[in-house]
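J.: Before I ask anything, here is the structure I am working with.
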Protein chains: 6
Amino acid sequence: MSSSVASKASKKDQVDAIDQRIGALAKTTPKVFGAYGQLVQSVMKTGALDDKTKELMAVAISVSVRCEDCILYHTRAAIKLGVSEAEYVESLGVAIELGGGPSVVYGARALETFKALSED
Amino acid sequence: MSSSVASKASKKDQVDAIDQRIGALAKTTPKVFGAYGQLVQSVMKTGALDDKTKELMAVAISVSVRCEDCILYHTRAAIKLGVSEAEYVESLGVAIELGGGPSVVYGARALETFKALSED
Amino acid sequence: MSSSVASKASKKDQVDAIDQRIGALAKTTPKVFGAYGQLVQSVMKTGALDDKTKELMAVAISVSVRCEDCILYHTRAAIKLGVSEAEYVESLGVAIELGGGPSVVYGARALETFKALSED
Amino acid sequence: MSSSVASKASKKDQVDAIDQRIGALAKTTPKVFGAYGQLVQSVMKTGALDDKTKELMAVAISVSVRCEDCILYHTRAAIKLGVSEAEYVESLGVAIELGGGPSVVYGARALETFKALSED
Amino acid sequence: MSSSVASKASKKDQVDAIDQRIGALAKTTPKVFGAYGQLVQSVMKTGALDDKTKELMAVAISVSVRCEDCILYHTRAAIKLGVSEAEYVESLGVAIELGGGPSVVYGARALETFKALSED
Amino acid sequence: MSSSVASKASKKDQVDAIDQRIGALAKTTPKVFGAYGQLVQSVMKTGALDDKTKELMAVAISVSVRCEDCILYHTRAAIKLGVSEAEYVESLGVAIELGGGPSVVYGARALETFKALSED
């Protein structure tokens, strides 16, 4: 099995595990997650900015605050919306301008995630 | 071996590894850790607030600052003090109000930790 | 005018300005704030933990993440719920244990805020 | 003098003060700032994403990391590129989804800044 | 009165206010501050690294975590230990490498503080 | 195979993986990385402070902002410059003073990294 296939499986497993963990937490506190879910929907739907741009912003913030599960989550969402690698990498650039070294290393993890989850 | 048993073993191993790493650092710099240990004791003992409430605060802060080892450490302490799952989850709620998405994914990791370390 | 009266007026003005700024933002994006408001309500109402404890957690997180407007906002809320100075200060202690120097200086600002807003 | 005029003057003064402070630091360490300036230029110029989108990302990150001078700086830049209030507010929404309460209060400061600096 | 004199007075007042606020908090919770004070002393005294180097590290961290009161506090301490402007500015450079834009604007505030508090 | 040998291999693998990930990102956006590389070089070369001191500052900041890849990266660089364990541990002390519990657990990971990567 090539290293790229292994990496893809692992990233896919990681994002599935995030879904399961969030699902388990949501079940214990449904009202909080109901409200949070509505917040996410209101924020992310296309308006003055399109949903793709918003997901790229979410990726850039995730890198800036060094949140790996957030990177996985929002990268998957960005891919579903058809974000290109060039758009994705330019968003990482903004995170690097505003975050320096930590955004370089988390940005590098992000690109690895983008490539692994894009391979379908 | 069920996935829940595996997860428990892994979380238990992770928290043991934290103890060992902190022990190794403390040995190299005993005065700093002596003072830090006294700080922890003064802060955490029951006073106007009970120790259980304080450990839940420590968990909520750990989630808010996205520190996984802190989550493991303070979740174990909270369990030892008899925190219930309902109290624990409501503390995660406060972290979510004040932290949004990153607190959702770290809060979800926290609940997984709480469940795994509670199974004894 | 004594310095304590001046300080009280200034903190009161600051928290009023926060309300006005949030109000202005909420008006531009009512659905997002509707959902966020529901999230806050679901999180903060008494459940397994009482509302006072939750506001103290919110203060401790605010100090930990170095958010001065958050400190003002949640300190006012904690005072309304009848939090004592001793309870408040012990919450700052937890933030100091988990945040070191930055939590010392923001905690010191928090106590100043608590005293100024408590003087009614 | 109306409060809105006062606010505009004050925000304009604040952003001028940022320029002066950065200028003073840049003069002491020109090679570092030469390289940083090139980084900013490479990141921010239109490519797969346009410069306006990138400045909005920079605003959203600035709010997420609670950096008021960054908010002032990138809001001025976004206005110069012709960002609309609706686009700006939707970017704040993404920061709120990923930052909760602290992004609400810093987002509210950001909108105040956008309005004050847009009034020319 | 020249702007530089005004600035010096203001920074001096700000650092005095920090002392007063920390003093007020310390009085309410003397054991916590006793332990924290011992931690600071153990950390900061000359050992394998000299105290001046450690204060410069404290400044670099303060800039990196965007804590203005910390910058004031540790800049005053660094000046007392005889740090030169060149050493100070190079420490800010490290913070910029590891923090990007937010470290630029906080670093610029730090240099202003260094200059104002050095003028005695 | 002893646990210390395993740990060394794993840390070495982790830092190699960082290099590969950064390399992959740099290839997609060479101008941004060209500028960032020049920034790093300008910052890190010996001037008023020597390069060893600067790498220790980078380690202390990495711990303070809870960036594990940064810790690995700058710890390797510090070891190459001949940093002693005593100097390294004292730098962690500064991070603990300014970061509390999260710096304790990340500092403990840092020391483990220092030991593992020093074993050649």
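J.: Rounded, prolate or oblate: which fits the range F:62-107 when a ≥ b ≥ c are the square roots of the eigenvalues of the alpha-carbon gyration tensor, with rounded for a/c under 1.5 and prolate only if a/b beats b/c?
T.: oblate
J.: Which ³J(HN,Hα) values, rounded to whole Hz and listed in residue order, are derived for the range C:55-61 from phi using the Karplus coefficients 6.51, -1.76 and 1.60 in 6.51 cos²θ - 1.76 cosθ + 1.60 with θ = phi - 60°, glycine and proline given as x?
T.: 5, 5, 4, 4, 5, 4, 5
J.: Which whole number gives the average count of other chain Cβ atoms within 10 Å of the Cβ atoms across peptide C:16-23?
T.: Across C:16-23, the average partner-chain Cβ count within 10 Å equals 3.
J.: What residue of chain B sits with its beta carbon nearest the rotation axis taking B to D, and at what distance in whole Å?
T.: B:GLY100, 2
J.: Which value, in Å², gives the accessible area per residue of the protein assembly as shown when a 1.4 Å probe is used on the protein heavy atoms?
T.: 37 Å²
J.: If you average the C-alpha positions of the range B:18-61 and of the range D:50-98 separately, how far apart do those two centres end up, in angstrom?
T.: The distance from the Cα centre of the range B:18-61 to that of the range D:50-98 comes to 39 Å.
J.: Amide H of F:GLY99 versus every other amide H placed in the peptide plane: which residues, excluding those fewer than 5 positions away on the same chain, fall under 5 Å?
T.: Result for F:GLY99 returns C:GLY101.
J.: Given a 1.4 Å probe and no ligands, DNA or RNA in the count, how much accessible surface is buried by E and C, both sides, to the nearest 100 Å²?
T.: For chain E against chain C, roughly 1400 Å² becomes buried.
J.: From Cα pairs below 8 angstrom and at least 6 apart in sequence, can you work out the relative contact order of the range C:3-117, rounded to a whole percent?
T.: Relative contact order for the range C:3-117 comes out at 34 percent.
J.: How far is B:GLN41 from itself in the other copies, in nm, if each label sits 7 Å out from Cα along the Cα-Cβ line, shortest first?
T.: Once sorted, the set of distances for B:GLN41 reads 1.7, 4.7, 5.4, 5.4, 6.0 nm.
J.: Can I ask one more? Using r as the Cβ-Cβ distance of C:GLU119 and F:ALA9, and R0 as 45 Å, what FRET efficiency do you calculate, to the nearest 0.05?
T.: So the FRET efficiency works out to roughly 0.15.
J.: Could I ask something else about it? Given only helices, namely DSSP H runs of n ≥ 4 each adding -39500 (n - 2.57), what is the per-residue ellipticity at 222 nm of chain F, to the nearest 500 deg cm²/dmol?
T.: -28000 deg cm²/dmol
J.: Rounded, prolate or oblate: which fits the range E:3-120 when a ≥ b ≥ c are the square roots of the eigenvalues of the alpha-carbon gyration tensor, with rounded for a/c under 1.5 and prolate only if a/b beats b/c?
T.: The shape class here is oblate.
J.: Using the 7 Å Cα-to-Cβ label point, sort the distances from F:ALA17 to its equivalents in the other copies shortest first and give them in nm to one decimal.
T.: Ordered by distance, the counterparts are at 1.1, 1.1, 4.6, 4.7, 4.7 nm.
J.: Additional query: For A:LEU81, go 7 angstrom from Cα along the Cα-to-Cβ vector, then report the distances to that same point in the other copies in nm, smallest first.
T.: A:LEU81 label point versus its equivalents elsewhere: 1.6, 3.5, 4.1, 4.1, 4.7 nm.
J.: Let me see the P(r) profile for the protein assembly as shown: every Cα-Cα distance counted, bins of 10 Å, each bin given as a percent of all pairs.
T.: 3, 15, 27, 30, 19, 5, 0, 0
J.: Separate question: What figure in square angstrom, to the nearest 10, would you give for the accessible area of F:SER10 with a 1.4 Å probe?
T.: 50 Å²
J.: May I ask you to evaluate 6.51 cos²θ - 1.76 cosθ + 1.60, the Karplus curve with θ = phi - 60°, for each residue of the range C:82-89 and list the ³J(HN,Hα) values in order in whole Hz, giving x for glycine and proline?
T.: Values per residue, Gly and Pro as x: x, 4, 8, 4, 5, 5, 4, 5 Hz.
J.: Which entries in the list B:LYS12/B:LYS54; A:LYS52/D:LYS54; B:LYS54/C:LYS80; C:LYS11/E:LYS31 go over 19 Å, if you measure between the two C-alpha atoms of each?
T.: Checking Cα-Cα distances, B:LYS12/B:LYS54; B:LYS54/C:LYS80; C:LYS11/E:LYS31 exceed 19 Å.
The values are calculated or read from the model by the stated rules, or taken from the named source; none is laboratory data. Keep in mind that what you see is a predicted model, and the values were worked out from it rather than measured. Every residue, glycine as well, gets a Cβ built from its backbone with ideal geometry; the counts of neighbours run over all protein chains shown. Keep in mind that these areas ignore ligands, DNA and RNA; they rest on the heavy atoms of the full protein, side chains included. Shrake-Rupley method; radii C 1.70, N 1.55, O 1.52, S 1.80 Å.
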